[in-house]
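Presented below is the structure to which this report refers.
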Number of protein chains: 2
Amino acid sequence: MKADSKKGPNGVSAPLVVAKAIDKSSRMPAYAQMADILRSSISQGEYPPGARLPAESALAKAYGVSAMTARQAVSVLEEEGLVRRVQGSGTYVRKVGVAASNFGLEALGGILADRDNLQVRIVKAAVKKTPGVEKEVLGLKPNEPVIVVERVISHRNEPFTLHISYTSFDPTSPTVESMLDTVVLTGLIFQEGYSKFKRGALRLMPALLDAREAGLLKLPEGAPVFKLEHLFYDFDNRPTAFGWFLVSHEKMPLLSKVGVWDE
Amino acid sequence: MKADSKKGPNGVSAPLVVAKAIDKSSRMPAYAQMADILRSSISQGEYPPGARLPAESALAKAYGVSAMTARQAVSVLEEEGLVRRVQGSGTYVRKVGVAASNFGLEALGGILADRDNLQVRIVKAAVKKTPGVEKEVLGLKPNEPVIVVERVISHRNEPFTLHISYTSFDPTSPTVESMLDTVVLTGLIFQEGYSKFKRGALRLMPALLDAREAGLLKLPEGAPVFKLEHLFYDFDNRPTAFGWFLVSHEKMPLLSKVGVWDE
DNA sequence: CAGTGGTCTAGACCACGAT
DNA sequence: TCGTGGTCTAGACCACTGG
């Protein structure tokens, strides 16, 4: 028996009741209208968490669209994390929970992209020759030199983040590139021009500000902040840019929403 | 002139050179094979960051598939964050940078789902009648009571997280549900059965452990940890479950990868 | 074995961008 | 105006789930 069919008093399968029709003359695509309707149905409890949605073929017929269009509508909800597709079984409404959350760093990107209001101050630039973990990460020998650069990046004249970076000191590359590694990290921090990096790994951690860091960021010593560690690889797969950003959670809020929010 | 065409010595447009052909007898879908090929091309620098990919129609012709299939292949790369589609213009390779990163809480979900190895110990359960921010968040009057419950959730007998929760004290709901709010938070913490929540908002922050918290989690006092704040709404749109998890970043690493990693 | 989601075709037309 | 991505159709067949 079709699980999504509704039975009349006499037990005969009735057609799927459609909450709202598609306006094909609208500029809004049919799949988007359909996704809105389905989302609304979920929101109103018609399809509670765990429930199975009608089959895509049934939805297509009910809304008078092709199967591909109905599929696209369901895909919208799937990408929103609202439903889960199981091949051969059906499409199910996801349960809302903490684990579904996802935190993006658009806020950071937005600020770093607002270059007109950014000020970058280099507070340290040195060649380090003593061993350290950064050399392991960059695949260097303990005695090979690395360039360490520390920058305070301010936004609208307020300190926003402290960036510590380690890059390999490659005597064969042009001096302008290696000396203060401005080119490499311009590509990392600002998303302009051609990036030199093929891929990167990031780790987000909580951290405390020591006295010096706190002074540079004009925050209290011992304040909890985000530490965003990064390791970027160039197109030769060599680890190239290791370092981290220290940034207050108030200046970079990490927010996430789960479930249905559009009403 | 087609921007993606390559010119021969005599200046005549040559067909797009295909790196590898699609094996239509393979069990791997054509779009997935095509996505792999394109990803590999990007990885090897054939399409550097900022470059425009060949038009979807050109790709379809070059690989001998329909336009919809080529489109699906490009969609894979788009969902991976590798390319950006611009209507009317083209599809461009994204530059790799810190802002592209995205942190999911699958690690948290994985541990909370492993119920056989979980122990939950309630370390506090009380009805609070004095005012507090939690009442504003839950939309209660300052004198309305809330239930506060604190739990230590251990995994394999090691403290994993401390959960503080505030829920409204609703005398009309069944006692079993409201008393220790076990049902509500069973749905929140464990993703089993039918969820009572329609949606939730979450905020991730860095925090320090005070002496009591540190003792409960067997961590040093003052250690930096993640604070994952949550506010969940029921299907009547009432804020219902406010609280937060304190969890060590070592037990819940937040990792993210950007760019091309599959080689 | 019936029903479900997953893939695929060979077209069509539209909205938008750059020219 | 032309090339691009975006939407859509009306079919087809396949892979998988579950009774």
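Within region B:74-125, the set of residues being under 30 Å from A:PRO239 (Cβ atoms), among the hydroxyl-bearing types (Ser, Thr, Tyr) and within 12 Å of another protein chain (Cβ to nearest Cβ) comprises B:TYR92, B:SER101. Across region B:53-73, the number of residues qualifying as more than 6 Å from DNA strand D (Cβ to nearest atom), away from chain A (no Cβ under 13 Å) and not hydrophobic (A, V, I, L, M, F, W, C) comes to 4.
On the stretch given as region B:208-223, residues that are buried (at least 19 other Cβ atoms within 10 Å of the Cβ) and closer than 16 Å to A:MET205 by Cβ total 2.
Inspect all residues belonging to region B:240-262 and state whether any of them is modelled with pLDDT under 90 and over 21 Å from B:SER101 (Cα atoms). Yes, because at least one residue in region B:240-262 is modelled with pLDDT under 90 and over 21 Å from B:SER101 (Cα atoms). Looking only at residues in region B:224-241 that are outside any strand (DSSP E or B) and at the interface with chain A (Cβ under 10 Å from one of its Cβ atoms), the one that is surrounded by the most Cβ atoms within 10 Å (Cβ to Cβ) is B:PHE235. Screening B:LYS95 with (1) assigned to a helix (DSSP H, G or I); (2) more than 9 Å from DNA strand D (Cβ to nearest atom) gives one miss only, at (1). Within region A:74-92, which residues are within 12 Å of DNA strand D (Cβ to nearest atom) and on the phi > 0 side of the Ramachandran plot? Result: A:GLY88, A:GLY90.
A quick yes/no check of all residues on (1) modelled with pLDDT of 95 or more; (2) more than 25 Å from the chain's Cα centre (by Cα); (3) assigned by TED's automatic domain parsing to the domain that holds B:GLN33:
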position	(1), (2), (3)
B:GLN72	yes, no, yes
B:LEU82	yes, no, yes
B:GLN87	yes, yes, yes
B:LEU112	no, no, no
B:ARG115	no, no, no
B:LEU118	no, no, no
B:GLY139	no, yes, no
B:ILE153	no, no, no
B:THR161	yes, no, no
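I need every pair where a residue in region A:31-60 that is more than 20 Å from A:SER89 (Cα to Cα) has its Cβ under 6 Å from the Cβ of a residue that is within 11 Å of DNA strand D (Cβ to nearest atom), sequence separation at least 6 or different chains. From region A:31-60, the pairs are A:TYR31/A:THR69; A:TYR31/A:GLN72; A:TYR31/A:ALA73; A:GLN33/A:ILE22; A:MET34/A:TYR63; A:MET34/A:ALA73; A:ALA35/A:ALA73; A:ALA35/A:VAL76. Of the numbered criteria (1) in a loop (DSSP other than H, G, I, E, B); (2) surrounded by fewer than 18 Cβ atoms within 10 Å (Cβ to Cβ); (3) within 9 Å of DNA strand C (Cβ to nearest atom), the one B:VAL65 fails is (2). Exactly one residue out of A:TRP261, A:TRP244 is in contact with a strand residue (DSSP E or B) (Cβ under 8 Å, 6 or more places away or on another chain) and surrounded by fewer than 21 Cβ atoms within 10 Å (Cβ to Cβ), and it is A:TRP261. One residue is enough: does region A:42-53 have a residue meeting the conditions within 14 Å of DNA strand C (Cβ to nearest atom), under 30 Å from B:LEU231 (Cα atoms) and part of a strand (DSSP E or B)? Yes, the conditions are met somewhere in region A:42-53. Among the residues of region B:27-41, those identified as within 9 Å of DNA strand C (Cβ to nearest atom) and either surrounded by fewer than 17 Cβ atoms within 10 Å (Cβ to Cβ) or part of a loop (DSSP other than H, G, I, E, B) (or both) are B:MET28, B:PRO29, B:ALA32. For B:VAL76, the requirement of being among the aliphatic types (A, V, I, L, M), near DNA strand C (Cβ under 10 Å from one of its atoms) and in contact with a Phe, Trp or Tyr (Cβ under 8 Å, 6 or more places away or on another chain) is met. Cβ-Cβ distances below 6 Å connect the following pairs, each with a first residue in region A:236-248 that is under 18 Å from A:ILE122 (Cβ atoms), a second residue that is aromatic (Phe, Trp, Tyr), and a separation of six or more residues or different chains: A:ALA241/A:PHE232; A:PHE242/A:TYR166; A:GLY243/A:TYR166; A:VAL247/A:PHE226.
The values are calculated or read from the model by the stated rules, or taken from the named source; none is laboratory data. Just so we're clear, the structure is a prediction, and the values are computed from it rather than from any experiment. Cβ atoms come from the backbone with ideal geometry, glycine included; neighbour counts cover every protein chain shown.
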